Amino acid sequence: MSCKKFVDTSTPPNQIISSTVFSSSATANSAIAGIYVQMTKVVPTVFNGEVSLYLGSSADELTPTFANAEVAAFGTNTYTPTNSYIGEFWINAYNYIYQANACIEGLSQSSAIPDSTQKYLTGEAKFIRALCYFYLINFFGDVPLITGTNFKNNQAMERTASTTVYAQIVADLTDAQSLLPASYGSAAKQRPINIAAAALLARVYLVQGNYTAAEAAASFVINSGKVSLESDLNKVFLLNSSEAIWQLYPVAPFYNTVEGVYFLPTASPVNKPLFAMTSALVNAFETGDQRYVNWVRSKTVLGTVYYYPFKYKVRSNSTVTESNMVIRLAELYLIRAEARAKLNNLSGAETDLNTIRTRAGLPANNSSTQASLIGAIMHERQIEFFAEWGHRWIDLKRSGSIDAVLGTLKGTNWKSTAALYPVPQSELLVNTNLTQNQGY
Amino acid sequence: MQDFVACKVPFFGGTEPKLFLLKRETRKIVLVMKITAVLLLAAVLQVSAKSWGQERITLSFDNAPLETVLKNIQSQANVQFIYRTDYVKDKKVTISVSNATLKTALDLCLKNFQLTYDVFGTNISIHPVKKEGNKSGANVVVSGGTPPLIDVHGRVVNEKGDPVEGVTVSVKGSTKSTTTDKNGEFSMATVDQDAVLVFTHVSMEAFEVKVSGKAELSIRLKAKISALDELQVIAYGTTSKRFNTGDVVTIKEEDISKQSITNPLAALEGRVPGLFITPKSGVPGSAFKVQLRGQSSVGTLPGSLPSGNPLFIVDGVPFAPNNLPFDLLNSSTTGTGGLSPLTSINPSDIASIEVLKDADATAIYGSRGANGVILITTKKGVTGKTQFNFNVYTGENIIGKRIDFLNTAQYVGLRKEALANDGLALNATNAPDLVLWDTTRYTDLNKQLLSQNAHITDVEGSMSWGNPNTQFLLGSGYHREGNLFPGNFHLDRGSMHVSINHVSNDRKFTTSFSASYSVEKNNLTVNNLAAALFLPPNIPDLYDATGKLNWSQNGYNFGNPMAYLLQPFLSRTNNLLGNFQVGYEILPHLVLRSSFGYNTFLSDQQSQIPISSQDPSASPAPTGNANFGTNEFRSWIVEPQAEYKQTISKGKMTFLVGGSWQQTNNDYSTIYATGYANDALLGTLTGATQYTPNSNSIQYNYEALFGRLTYNWDDKYILNFSGRRDGSSRFGPGNKFGNFGAVGGAWIFTNEKFIKKLPFLNFGKLRASYGTTGNDQIGDYKFFDSWSSTPYSYYGVSGLYPIQLVDSTFRWEVNKKLEFGTELSFAHERILLSASWFQNRSSNQLINEKVSSQTGFGVVAAVNFPAVVQNTGWEFSLQTKNISNSKLTWRSNFTLTIPKNKLLSFPNLASSSYASFLIEGQSLNVQRLYHYTGVDPTSGLFTFLDVNKDTSITYPADATTLKNLDPKFYGGLENTFTYKGFTLSFFFQFTKQLGYNYLNSLYSLKLFYPGAITNQPTEVLSHWQKPGDEAALQKLTVTSGTPAYNALNNFIRSDGVISDASFLRLRTLSLSYSLPASWIHAAHLQTCRFYLQGQNLLTITSYKVTDPQMQNIRTLPLLKTITGGLQLNF
């Protein structure tokens, strides 16, 4: 009956339905690319700079200099369940997870896409899902482990033990390592390949204390021949630098990286950098460290000296020359150093540590004991990865030194329960099966 | 009216009284009649008149009776002769003309008989030629220089010619009066021969006549058309209030024209029982929230219940944008509501607005009628000579309630106290406004940013003409309204309206066409200037010594509000609305007709951030940005119908069937263009270096079959059945169609013999209705699991992302409506009372359900929710004529609504995502809050009731206080006094309600609470300062994490931010004066009226700081409007 046809409509011109998305390689590829766009289109968001800014502020690296109570709360570790940034971490990470899940489901049901394409796109989706869960755990502790798109199954799910979540991360990354291609293609460093999965896996194993596996995964990356350390420290963070394992390409107009915008002050003599390095961080650099020379700058405003990270050197430009560095090779050397040290291979550990120290123009480390060597590696991580993707915050937590370090730095404000962010209030209201973290 | 479904042809439409002045002695008729009177006569004579034209006459008669010749002319020339038979008796004519004009033919016919004629439209009265001198034979008394006095005798009859007893006849301007006897006759001695006699009667229209030296008067008075019998527009037809089984409220042209308003919605505030209207901002063009009979949907997010707009239909065409904000770009000046599309409808083009409320009235609109229907009917031409109407008014908008801000000394004191409370020494970081800025200078931003007033001009003109077959109307209007913000900000609207109606001679074929077109331009600012008032009062000079915008002092920057004035937001809309109807009586009693409607609503918006409005010291150097948006709605509708009328026994039956096909397309696009190097290029797309486009188009298709059967038994019992099958593209396969129906009944008990004897009760009707309507107002495409393009590509690869969580099984929301009502009329219709009780139950709730964000979205596009929401209420309307005599009339109009909203049931509420927001048995609008217990005199902190006694205030355990923000009751009271040419009308609107108070605005915006770097209303001076203080507000703080900071976080979740927001507002005051007819006749004027009008002149409320309707201190409050105008009709 024609009447019935009159009220049948197709989707609007800017939409396609789910089954169509996974009916061709091109649209399926767009679905994966769409996740990266979602991650970087808003400036800043959780994986587009905020981990560097806010985890750095929560740790002992950065101090926000502008008047915003919610941002200031990261510096003082007094965030509340209604903190909108923390709410965004949760909401955005689960949105990316949904997309990854949708891609994994769509690709598995598709018969129209060549097998090789299906594999590497599935590998990318699993890699992204693992990355999101890794950070969710480090933000919130236990979180609901969602691996499908059916909201009816997911909406009331309670928090999953982080060991179970880690197991899923390891499974996803192991899959990704075998599914992803072994060489960089036309997307260069902006799309992950197998060594990106291995690198993230090495990081996860280290956090889990699985040092043998961490060493093996790190070696897989280091020995892959696809990446090499940049000898010139000023080139490390450039687009597709040789050290980059995976970068997240900036898509928003005028931006290179959020770090560039937020760390580099404007030319106006009265404008401070929005986040200043703490004196604890500035003082942690050894004399002669080329990273201090190349990666730190200062600006004096109204008589006060503000130090700020200078890893990224472009504040804003419509031509992209710097891309958001998510994983780079230096980390793998330090992961392997730490894993080897834990496994009592002190000489192997020292070799890896000194690879990084040498590049920074520092003398070789000569620790006599396992403990002092591990201490040296942790210090090296603090300097090498300062203001970068919250490494310091995660290191302080996994090493158990967070209460000592932040208790000293932040005084009575610090509570050990602040090591986990509160579960957003809005989520507790809509999912009564969720529980709040201690101390909130 | 013969039939309760009124004839659409305005043949009986005239409302003017008529009169015959008869000089008995000379048997001479002088017809001084208004055209409508002639028409009535023509109708009585049952003469069919053809359309009026310039036909040529051909006559050939030899000694034929004059009457025969005249009849021949009548048949050729589409005219109607009116004469006394004794004038033409025994008169013979010999005439032979060919292709003569009517004038020639008539002159030739009448020249030999001392007869002449007057032309009134298509009607020609024939009468003897007036003779020179006073041949009346009246008894003329001449004395001195005073006008001669005569004795007057007369007879007063009604339209049927029956004598009317008890008519008061008085001489205007004197105390002389008498009444008519049972023969309708009266006598009055020694009346000035130029005197004006006034005839008044309780059930007849008042009438005035000039004596003009005539001693014998024959007066025909017209029965007052009862308010009960006025034409009542309903869905797909018309009826009268008397016979309507449904609940429909009409706002008439005269109620609208009394108000100097821009948006027709403003005319309805407080005037329609059950209709609750809230303006969102005082900025011209801003939106109105419209809700009929309460909140029926639980909504997406608690605290943002869906708008639940009624369906707006203009001349049979659904208004495509309905009452939804259409602005794609943001002008934050308009508050939270955006711009109202209804501003594009000129209130002066509106003849009436009908609000359809119950199932009986709305079920025929099926799913679209769930939230009620508002029909807007535009003006049509009327039968009669060419009439010109000209109306102009001008005046001022004045701010309603200005916030008193702290001066610099008070502000600096507040800041220092706050910092001291937190143990902070002043430095450039925590107090740049005190350390880096001059703490003595003072800028009154109220003066800088809000002018005293803004000018309004409105000009309307129209002409109309009609004969019994064809009527047309052409109208045009221009409205301009300034803005209180300094600079060139204003709203302009130009509009045109045309209406043509035609009916064939045999009255079988009818057609009508109406079209309205308007162009509206609204210049606003991108940023909210009402919020800029909160800048610190010691803000540095806004301009530097060279006259350039200043941006910082000693390195501390501020947002310069003068820069906001350089950042324009322009909105242009074009609204075209056309409707064409054609009908034919194909068989006796069977009419086929169809209507075709088209509406396009095109909106163009631009917002610009020029370089000149930005801090030049910024790095990189600022470039210009411009945003462009277009939002186009196009909709068409075709509705073929068949109507069959038949009399069965003592009953009249009407059966209507029809179909409806409607399509609405909404195409929109935005382009964000950045990087302009030159401000002059901002109005174009060229010149930018980067573009971010976004566009989409949405199609909504809708179809229906509907039917209505009405049976009226002996004007006593009326039954009305209506049903509809609807299909909507908004539902997934298998769920697109739904069936809806209603039954309504009325018993006019005053037509029963046993009640007819009650002398005080003129009319009484009991009515009831029950039915179901549906609702598909969920948005389009909600059942598609679809992906959309990302705005950017990723390293050369375009992106796709999933846009929504879907559950494609959702179906129609069902609304069941029950109503009982009565209409009573007492004391010769001087008291008219309507009362109704309704109960609407909305189930199968159609919502986009909030779910946890771990699902990926936090919301499911559309689901049916097993909740039942009930709205009940009492609605009253009382119209009285308190005084009605020849000099003074006093009418009152009172409406009252007592609504009650209740979440009747919500299965598994406790485990649903709504657990924390909704409460079974309570209103949807109930807020669950901590109970505020005042400021602790010792600690200086806000305190709250610790319900669970765990020594801390936690949500939701301690949030047990419920506050219902629904209005408790609302309505309006209008009094209209008419004395001679003066009319004074004042309308009070009242609402009893709770609402968010100014403290909510103050404390809920982080970094804007008292003590922070932002100015405050002077009310905050009353805060706690030292132990022992009893203060309204707690101690000041500026630091997050302090006890005071935590307390204020609790405060905004407490009932401390809820206050009585009731108000009594003098919504409309209107005073007008019409020059007496005798003065203006010489100037060929029919009406010359001067008027003064005021809107919102007085508000009585206990609500503090700002307006009780907007309830936000950062929104421009409602404006007062004072205008003066002139209306001419000729």
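The values are calculated or read from the model by the stated rules, or taken from the named source; none is laboratory data. Owing to the predicted nature of the structure, the values given are computational and were not obtained by experimental measurement. Cβ coordinates were reconstructed from backbone atoms using ideal geometry, including for glycine residues, and neighbour counts include every protein chain displayed. Only protein heavy atoms, including side chains, enter the accessible area calculation; ligands, DNA and RNA are left aside. Shrake-Rupley method; radii C 1.70, N 1.55, O 1.52, S 1.80 Å.
So B:Leu824 fits all but one of (1) of a type in the set (A, V, I, L, M, F, W, C); (2) in contact (Cβ under 8 Å) with a residue 60 or more places away in the chain; (3) within 13 Å of chain A (Cβ to nearest Cβ); what number is the exception?
(3)
So which residues in region B:49-94 are closer than 24 Å to B:Val503 by Cβ, modelled with pLDDT of 80 or more and open to solvent by less than 30 Å² (accessible area, probe 1.4 Å)?
B:Ile73
At least 3 residues that are free of Cβ contacts under 8 Å to residues at least 60 places away in the same chain and surrounded by fewer than 22 Cβ atoms within 10 Å (Cβ to Cβ) in each: list the strands (runs of 3 or more DSSP E) lying fully within region B:1055-1130 that qualify.
Strands (runs of 3 or more DSSP E) meeting the threshold: B:1087-1101.
For B:Thr600, all conditions in the list (1) out of contact with any strand residue (DSSP E or B) (no Cβ under 7 Å at 6 or more places or on another chain); (2) in a strand (DSSP E or B); (3) of a type in the set (Val, Ile, Thr) hold save one; what is the number of the exception?
With respect to (1) out of contact with any strand residue (DSSP E or B) (no Cβ under 7 Å at 6 or more places or on another chain); (2) in a strand (DSSP E or B); (3) of a type in the set (Val, Ile, Thr), B:Thr600 is out only on (1).
What are the pairs, 6+ residues apart or on separate chains, where a residue within region B:638-653 that is touching a residue at least 12 places away in the same chain (Cβ under 8 Å) and hydrophobic (A, V, I, L, M, F, W, C) has its Cβ under 9 Å from a residue that is exposed (fewer than 14 other Cβ atoms within 10 Å of the Cβ) and assigned to a strand (DSSP E or B)?
B:Ala642/B:Ile586; B:Met653/B:Gln646; B:Met653/B:Thr647
Given the options A:Tyr96, A:Tyr85, A:Tyr184, A:Tyr120, name the one that is without any contact (Cβ under 8 Å) to a residue 40 or more places away in the chain and of a type in the set (Phe, Trp, Tyr).
The match here is A:Tyr85.
Report whether or not B:Tyr914 is more than 22 Å from A:Thr80 (Cβ to Cβ) and in contact with a strand residue (DSSP E or B) (Cβ under 8 Å, 6 or more places away or on another chain).
When the stated conditions are applied, B:Tyr914 passes them.
Given (1) closer than 26 Å to B:Val317 by Cβ; (2) touching a residue at least 60 places away in the same chain (Cβ under 8 Å); (3) not basic (Lys, Arg), where does B:Thr440 come up short, assuming only one miss?
Answer for B:Thr440: the failing condition is (1).
Which condition number does B:Val196 fail, the rest of (1) modelled with pLDDT of 85 or more; (2) more than 15 Å from B:Ile150 (Cβ to Cβ); (3) in contact with a helix residue (DSSP H, G or I) (Cβ under 8 Å, 6 or more places away or on another chain) being met?
(2)
Inspect region B:550-566 for any residue being hydrophobic (A, V, I, L, M, F, W, C) and part of a strand (DSSP E or B) and give the result as yes or no.
The answer is no, given that none of the residues of region B:550-566 is hydrophobic (A, V, I, L, M, F, W, C) and part of a strand (DSSP E or B).
Return yes when A:Lys5 is within 9 Å of chain B (Cβ to nearest Cβ) and among the basic types (Lys, Arg) and no when it is not.
no
Only one residue in B:Ala680, B:Ala688, B:Ala673 is assigned to a helix (DSSP H, G or I) and more than 9 Å from chain A (Cβ to nearest Cβ), so which one is that?
The unique qualifying residue is B:Ala680.
List the number of the failed condition for A:Ala125; all other conditions in (1) in contact (Cβ under 8 Å) with a residue 40 or more places away in the chain; (2) away from every other protein chain (no Cβ under 13 Å); (3) closer than 23 Å to A:Ala199 by Cα hold.
Checking A:Ala125 against (1) in contact (Cβ under 8 Å) with a residue 40 or more places away in the chain; (2) away from every other protein chain (no Cβ under 13 Å); (3) closer than 23 Å to A:Ala199 by Cα, the one that fails is (2).
Condition first: over 21 Å from B:Asn322 (Cβ atoms) and open to solvent by 20 Å² or more (accessible area, probe 1.4 Å). Now tell me which residues in region B:358-382 satisfy that.
B:Lys379, B:Lys380, B:Val382
Within region B:529-549, how many residues are in a loop (DSSP other than H, G, I, E, B) and either under 19 Å from B:Asn346 (Cβ atoms) or open to solvent by 30 Å² or more (accessible area, probe 1.4 Å) (or both)?
Summing the residues that are in a loop (DSSP other than H, G, I, E, B) and either under 19 Å from B:Asn346 (Cβ atoms) or open to solvent by 30 Å² or more (accessible area, probe 1.4 Å) (or both) in region B:529-549 gives 7.
So, B:Tyr1045, is that one outside any loop (DSSP other than H, G, I, E, B) and farther than 21 Å from B:Asn391 by Cβ or not?
yes
If you scan region A:9-41, which residues turn out to be more than 7 Å from every other protein chain (Cβ to nearest Cβ), more than 12 Å from A:Gln99 (Cβ to Cβ) and at pLDDT 80 or above?
Across region A:9-41, the qualifying residues are A:Ser19, A:Thr20, A:Phe22, A:Ser23, A:Ser24, A:Ser25, A:Ala26, A:Ala28, A:Thr40.
Taking region B:311-324 only, how many residues are out of contact with any Lys or Arg (no Cβ under 9 Å at 6 or more places or on another chain) and in a loop (DSSP other than H, G, I, E, B)?
Number satisfying all stated conditions: 6.
Of the residues A:Tyr79, A:Tyr85, which is hydroxyl-bearing (Ser, Thr, Tyr) and more than 10 Å from chain B (Cβ to nearest Cβ)?
After applying the criteria, what remains is A:Tyr85.
Would you please name the residue that is nearest to the other protein chains (Cβ to nearest Cβ), looking only at residues in region A:310-337 that are out of contact with any helix residue (DSSP H, G or I) (no Cβ under 8 Å at 6 or more places or on another chain) and open to solvent by 10 Å² or more (accessible area, probe 1.4 Å)?
For region A:310-337, the residue satisfying everything is A:Ser318.
Which one of B:Tyr792, B:Tyr781, B:Tyr770 is of a type in the set (Phe, Trp, Tyr), surrounded by fewer than 21 Cβ atoms within 10 Å (Cβ to Cβ) and out of contact with any strand residue (DSSP E or B) (no Cβ under 6 Å at 6 or more places or on another chain)?
Exactly one of B:Tyr792, B:Tyr781, B:Tyr770 is of a type in the set (Phe, Trp, Tyr), surrounded by fewer than 21 Cβ atoms within 10 Å (Cβ to Cβ) and out of contact with any strand residue (DSSP E or B) (no Cβ under 6 Å at 6 or more places or on another chain), namely B:Tyr792.
Name the single residue that is farthest from B:Phe969 (Cα to Cα) among those in region B:897-911 being within 14 Å of another protein chain (Cβ to nearest Cβ) and of a type in the set (Gly, Ala, Ser).
B:Ser911
Restricting region A:292-309 to residues that are open to solvent by less than 60 Å² (accessible area, probe 1.4 Å) and within 14 Å of chain B (Cβ to nearest Cβ), which is nearest to the chain's Cα centre (by Cα)?
Among residues in region A:292-309 that are open to solvent by less than 60 Å² (accessible area, probe 1.4 Å) and within 14 Å of chain B (Cβ to nearest Cβ), the one nearest to the chain's Cα centre (by Cα) is A:Tyr306.
Could you grab me the full set of residues in region A:415-431 that are in contact (Cβ under 8 Å) with a residue 24 or more places away in the chain and open to solvent by 30 Å² or more (accessible area, probe 1.4 Å)?
If the condition is that a residue be in contact (Cβ under 8 Å) with a residue 24 or more places away in the chain and open to solvent by 30 Å² or more (accessible area, probe 1.4 Å), then A:Lys415, A:Leu420, A:Gln425, A:Ser426, A:Leu428 are the ones that fit.
Just for region B:385-438: of the residues that are open to solvent by less than 50 Å² (accessible area, probe 1.4 Å), in a loop (DSSP other than H, G, I, E, B) and more than 14 Å from every other protein chain (Cβ to nearest Cβ), which one is farthest from B:Thr1099 (Cα to Cα)?
Result: B:Leu406.
Filter region B:630-662 down to the residues that are farther than 30 Å from B:Ser571 by Cα and open to solvent by less than 40 Å² (accessible area, probe 1.4 Å) and list them by number.
Matches in region B:630-662: B:Glu639, B:Gln641, B:Ala642, B:Glu643, B:Gly651, B:Met653, B:Thr654, B:Leu656, B:Gly658, B:Gly659, B:Ser660.
Could you count how many residues in region A:257-270 are part of a loop (DSSP other than H, G, I, E, B), over 17 Å from the mean Cα position of the chain (by Cα) and closer than 16 Å to A:Ser316 by Cα?
Selection size over region A:257-270: 5.
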